[in-house]
1. Mind listing just one residue for me: the one in the range A:53-75 that is within 11 Å of another protein chain (Cβ to nearest Cβ) and in a strand (DSSP E or B) and, of those, surrounded by the most Cβ atoms within 10 Å (Cβ to Cβ)?
2. Just need a number here: residues in the range B:65-112 that are more than 14 Å from chain A (Cβ to nearest Cβ) and surrounded by fewer than 16 Cβ atoms within 10 Å (Cβ to Cβ).
3. Residue A:102: part of a strand (DSSP E or B) and closer than 30 Å to residue B:59 by Cβ, yes or no?
4. Could you please find all residues in the range A:84-108 being modelled with pLDDT of 95 or more and more than 9 Å from every other protein chain (Cβ to nearest Cβ)?
5. Determine whether the range B:14-21 contains at least one residue that is under 17 Å from residue A:46 (Cα atoms) and part of a strand (DSSP E or B).
6. Looking at the range A:76-83, is at least one residue under 29 Å from residue B:3 (Cα atoms), exposed (fewer than 13 other Cβ atoms within 10 Å of the Cβ) and in contact with a strand residue (DSSP E or B) (Cβ under 7 Å, 6 or more places away or on another chain)?
7. Please enumerate the residues belonging to the range A:10-32 that are within 15 Å of residue A:92 (Cα to Cα) and loosely packed, with under 11 Cβ neighbours inside 10 Å.
8. Scan the range B:32-45 for residues that are out of contact with any helix residue (DSSP H, G or I) (no Cβ under 9 Å at 6 or more places or on another chain) and surrounded by 18 or more Cβ atoms within 10 Å (Cβ to Cβ) and jot them down.
């Protein structure tokens, strides 16, 4: 069966510090991978998605970046965090559910920027 | 521009009654819709989906209805249970785009 991992689970970082969040998927190959952010009181905002190694599409211009160094690894980074980067970051991959593509989410990373 | 909207931020329902969560969309190119349930500090869990070629899909206590002309979908939960208390997100996608657009969520509280 397929499993998606995210780490760390929680992170507290000062403003201006770098960021690296990692996501890995097991049990599937060549998945489409996604990074979302849920800010306090907001919905799920799509940040990046990738359909293959080295292929990154950015949805929202910001100080974050994403990379896909391996087939089942997706990394979210920042060189300098802002207060507004605080939120709940979710990684997801596409699977085939009943009736069509379905996104499956990881457990998330709670990021607090102070 | 919010292409997927959930206009009710919260909903309270008595245990055993029906919960109806609503979702509206503006992009007529969307042809696949999903509902997710999310508990605090966890990733969303897939509940049910529907393709635009259908107007209804049912899975146990969960039924999703799609009204393409109104660009509206709804999730019915019958009967509602306290464990259903969570935030519910609807999402929409267009075939071949690889992108899913989520609504802002509705917090459902089922009262015992």
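The values are calculated or read from the model by the stated rules, or taken from the named source; none is laboratory data. Predicted model, so just to flag it, every value in this text is computed and none were measured. Don't worry about glycine lacking a Cβ; one is built from the backbone with ideal geometry, like all the others, and counts go over all protein chains shown.
1. The selected residue is A:57.
2. 13
3. It is true that residue A:102 is part of a strand (DSSP E or B) and closer than 30 Å to residue B:59 by Cβ.
4. Of everything in the range A:84-108, just one residue is modelled with pLDDT of 95 or more and more than 9 Å from every other protein chain (Cβ to nearest Cβ), namely A:89.
5. The answer is no, given that none of the residues of the range B:14-21 is under 17 Å from residue A:46 (Cα atoms) and part of a strand (DSSP E or B).
6. Within the range A:76-83, the first condition is being under 29 Å from residue B:3 (Cα atoms), and the residues that meet it are A:76-78, A:81-83.
With exposed (fewer than 13 other Cβ atoms within 10 Å of the Cβ) added as a condition, the list becomes A:83.
Narrowing the set further to residues that are in contact with a strand residue (DSSP E or B) (Cβ under 7 Å, 6 or more places away or on another chain) leaves A:83.
Checked against the condition, which is being under 29 Å from residue B:3 (Cα atoms), exposed (fewer than 13 other Cβ atoms within 10 Å of the Cβ) and in contact with a strand residue (DSSP E or B) (Cβ under 7 Å, 6 or more places away or on another chain), the range A:76-83 yields at least one hit.
7. Here is the first cut: in the range A:10-32, the residues within 15 Å of residue A:92 (Cα to Cα) are A:21-32.
Result: A:26, A:29, A:30.
8. B:32, B:33, B:34, B:35, B:36, B:38, B:43, B:44
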